[in-house]
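Data first, discussion second: the structure below is written as C-alpha cells.
The values are calculated or read from the model by the stated rules, or taken from the named source; none is laboratory data. Please read these numbers as outputs of a predicted model, since none were measured by experiment. Using ideal geometry, Cβ is built from the backbone for each residue, glycine included, and neighbour counts are taken over all protein chains shown.
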Amino acid sequence: MTELPLIGEAPADASGARRLAGARIGVVTFPGTLDDRDAARAVRLAGGTAVELWHADTELGDVDAVVIPGGFSYGDYLRAGAIARFAPLMTKIIDAANSDAKLPVLGICNGFQILTESHLLPGSMIKNDHLKFMCRDQVLRVENSNTAWTLDYEAGQEITIPLKNQDGQYIADDKTLDALEAEGRVVFRYVGFNPNGSRRDIAGISNAAGNVVGLMPHPEHAVEVGFGPESLDGIGGSDTDGLGFFTSVLNKIVGGAK
Amino acid sequence: MPRIVVDVMPKPEILDPQGKAIVGALPRLGFTSFSSVRQGKRFELTVDGEVTEEILAQARDAAETLLSNPVIEDVVNVEVVEA
C-alpha cells in the first residue's frame, strides 16, 4: 500500500512530510472488512505510511499504531465483532494496547464492536433502536481532545462525518456509564440527533490510558475535499473533519519517543 | 450422537429491539394474547461419543467466552440432549 493517493496532496512542508511518512499505521483486514482501503488511504492522506495487516497474522510487525476498520467481519455472525476478536492478530493487538508501550488503536464501526468484544473498551453494541440500517452525515462533539486519536481537535469542537450501521446502539450499565463520564472517557457524543438509541448519546469512548479509542461513525470517509459530508447536503463540517484522527496519531508518534 | 444445548438470552434490563418488533407483528396476525417477546439464541454442540463432565465444563466455558457476551447476554441453560 505504498501507491500515492489518486486525489489529494501530500503535506506541503517537505521535511515534515518525511517525518510523518516514517510513522507506520497498520490497518487490519478480516474476512468481511469493507473499509480497510479507505482507512489506509486516510493514513496516507494524513501523511503517514499505511501497513496492511491480515487477521491471521501471528505477529504485529513494526507498526506504531493500528486501525481496525469497519465492515462486517465474519458476516456479523454470532454477534458483531465476536469472532474477529479471537483472530490470531487480535491477541497481539490486545497485548500491545495493554502493554507499557500503549500502542494506539482506533476501532471504527465494526472495529469498535471488535474492541468491546475484546474487552479493550467497556460496554457493547446492540441493534439500532429503530431496527434499520442507517447511513447519514452525523454531527459529533469531541468531548475529549487528549486521546491519541483526538489531539488535533479542540474539546467541544463539532465535526461532521458519515455514519453507517445496523448494530450501533451503545449500551453499558449505569455504573460503567457514570465511570466513563467521570473519567472523561466519553470521547464523542452525537449532536442534534441520536441515530441509534445509544446511551447518553455516546458515539465513541476510550480506555483509561487514552490510547484505545472506538467510535461508530467513520472518520476515514471524511478526509478529502469534494468527497466528504459537506458536498452531499451541506449540514456542516469541512469535508475533511475526519482527517484529524489520523494527523493526531501521526503527530503523537513522530513527536513522541519514536 | 449426543448434543449439548446452550441457550442464550438478552439480559432482562437490555432492551431487545428484535423482540419488540416481533411483539408488534403478532397482533397483526390475530395473536393477541402476548404482551412481550424476547428473542434469544440456541446453540447445539454435537459431541462424538459420551458427554463427560469435562466436556460439559468445556461447553459451559465456551458458552461464557464465545457464545455469549456477558455485557448484554445471559447463558440461561446448558444441557445434554441425547439424539
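In table form, for the structure just shown:
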read-out	value
Of all residues making up region A:64-81, the number that are surrounded by fewer than 23 Cβ atoms within 10 Å (Cβ to Cβ), assigned to a loop (DSSP other than H, G, I, E, B) and within 14 Å of chain B (Cβ to nearest Cβ)	2
Out of B:E50, B:E54, B:E44, sole residue that is over 30 Å from A:N196 (Cα atoms) and at pLDDT below 95	B:E50
Qualifying residue in region A:45-63 (condition: surrounded by 22 or more Cβ atoms within 10 Å (Cβ to Cβ), away from chain B (no Cβ under 13 Å) and touching a His at 6+ places or on another chain (Cβ under 7 Å))	no
Filter result for A:P219 (over 28 Å from A:N98 (Cα atoms) and within 14 Å of the chain's Cα centre (by Cα))	no
Residue within region A:89-101 that is within 23 Å of B:K11 (Cα to Cα) and within 14 Å of chain B (Cβ to nearest Cβ) present	no
Single condition B:M9 does not satisfy, out of (1) away from chain A (no Cβ under 12 Å); (2) modelled with pLDDT of 95 or more; (3) surrounded by 14 or more Cβ atoms within 10 Å (Cβ to Cβ); (4) farther than 23 Å from A:P122 by Cα	(4)
Subset tally (residues that are part of a helix (DSSP H, G or I) and either of a type outside the set (V, I, T) or more than 9 Å from every other protein chain (Cβ to nearest Cβ) (or both)) for region A:111-128	6
Which listed residue is surrounded by 12 or more Cβ atoms within 10 Å (Cβ to Cβ), within 14 Å of chain A (Cβ to nearest Cβ), of a type in the set (A, V, I, L, M, F, W, C) and farther than 11 Å from B:V6 by Cβ, from B:V47, B:V71	B:V71
Sole residue being over 29 Å from A:Q169 (Cα atoms), of a type outside the set (F, W, Y), in contact with a Leu (Cβ under 9 Å, 6 or more places away or on another chain) and part of a strand (DSSP E or B), chosen from B:V80, B:V75	B:V80
Residue match in region A:158-181 (condition: more than 17 Å from the chain's Cα centre (by Cα) and within 21 Å of A:A46 (Cα to Cα))	no
Qualifying residue in region A:133-155 (condition: without any contact (Cβ under 8 Å) to a residue 60 or more places away in the chain, over 17 Å from the mean Cα position of the chain (by Cα), within 14 Å of chain B (Cβ to nearest Cβ) and surrounded by fewer than 19 Cβ atoms within 10 Å (Cβ to Cβ))	yes
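Rundown of residues vs (1) surrounded by 10 or more Cβ atoms within 10 Å (Cβ to Cβ); (2) out of contact with any strand residue (DSSP E or B) (no Cβ under 7 Å at 6 or more places or on another chain); (3) modelled with pLDDT of 95 or more; (4) away from chain A (no Cβ under 14 Å), yes/no style:
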position	(1), (2), (3), (4)
B:G24	yes, yes, no, no
B:G40	yes, no, yes, no
B:R60	yes, no, yes, yes
B:A63	yes, no, yes, no
